[in-house]
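Written out below as structure tokens is the structure these notes cover.
The values are calculated or read from the model by the stated rules, or taken from the named source; none is laboratory data. Remember, it's a predicted structure, so these values are computed and weren't measured experimentally. Ideal geometry is used to build each Cβ from the backbone, glycine not excepted, and the neighbour counts take in all protein chains shown.
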Amino acid sequence: MSEKITKTESEWRKNLTEEQFQICRKKGTEQAFSGKLWDCHDRGTYHCVCCDTPLFSSITKFESGTGWPSFYQPLIAENVATEQDTLFFMRRTEVLCSKCDSHLGHVFEDGPEPTGLRYCINSASLVMHKEKSS
């Protein structure tokens, strides 16, 4: 992975919508079934909205019934970081972009095979790059 991206709060605010800023930089969560990508069935890759790092593939996206885009594994493991989240007295594993430390969502151990993982990601944290038709 190349060098980490660091910006001031005001620099991030210039490049993100208020919703994106609250979710990505302040560790917020969008309401279930409200994001534009939870029901997206297009083929392509999902990138970090803050730094455009490729994070997930549509091939590993699945219907979890939760109202957030869900994936069973990252596109490139090194592009996604995790850390323990104990906010609100819950014990969860937070998912972050490795390049810019953007909050993406959380990962749970109730996903499908082959990994058994469910990366539950906020739509506002992602930008979808559609696969080009041939």
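Quick notes
- The lone criterion from (1) touching a residue at least 40 places away in the same chain (Cβ under 8 Å); (2) part of a loop (DSSP other than H, G, I, E, B) left unmet by Y46 is number (2).
- For region 105-134, the tally of residues that are surrounded by 15 or more Cβ atoms within 10 Å (Cβ to Cβ), touching a residue at least 60 places away in the same chain (Cβ under 8 Å) and assigned to a strand (DSSP E or B) stands at 6.
- Residue match in region 38-46 (condition: surrounded by fewer than 19 Cβ atoms within 10 Å (Cβ to Cβ), on the phi > 0 side of the Ramachandran plot and touching a helix residue (DSSP H, G or I) at 6+ places or on another chain (Cβ under 9 Å)): yes
- Near pairs, Cβ below 7 angstrom, 6+ apart or cross-chain, from region 1-20 (among the charged types (D, E, K, R)) to any residue that is surrounded by 10 or more Cβ atoms within 10 Å (Cβ to Cβ) and in a helix (DSSP H, G or I): R13/F21; E19/A124
Yes/no per residue for (1) over 14 Å from the mean Cα position of the chain (by Cα); (2) touching a residue at least 60 places away in the same chain (Cβ under 8 Å); (3) assigned to a loop (DSSP other than H, G, I, E, B):
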{"position": "T29", "(1), (2), (3)": "no, yes, yes"}
{"position": "H41", "(1), (2), (3)": "yes, no, yes"}
{"position": "S64", "(1), (2), (3)": "yes, no, yes"}
{"position": "E94", "(1), (2), (3)": "no, yes, no"}
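- Boolean, F33 is surrounded by fewer than 21 Cβ atoms within 10 Å (Cβ to Cβ), touching a residue at least 24 places away in the same chain (Cβ under 8 Å), of a type in the set (A, V, I, L, M, F, W, C) and in contact with a Phe, Trp or Tyr (Cβ under 7 Å, 6 or more places away or on another chain): no
- Scan of region 66-93 for residues that are at pLDDT below 95 and within 26 Å of K7 (Cα to Cα), ordered by number: E83, Q84, D85, T86, L87, T93
- Residues being part of a helix (DSSP H, G or I) and closer than 15 Å to L96 by Cβ - total across region 4-17: 1
- Residue in region 18-25 that is out of contact with any Ser or Thr (no Cβ under 6 Å at 6 or more places or on another chain), in a loop (DSSP other than H, G, I, E, B) and either at pLDDT 95 or above or surrounded by fewer than 18 Cβ atoms within 10 Å (Cβ to Cβ) (or both) present: yes
- Some residue of region 87-102 being in contact with a Pro (Cβ under 8 Å, 6 or more places away or on another chain), surrounded by 18 or more Cβ atoms within 10 Å (Cβ to Cβ) and among the hydroxyl-bearing types (S, T, Y): no
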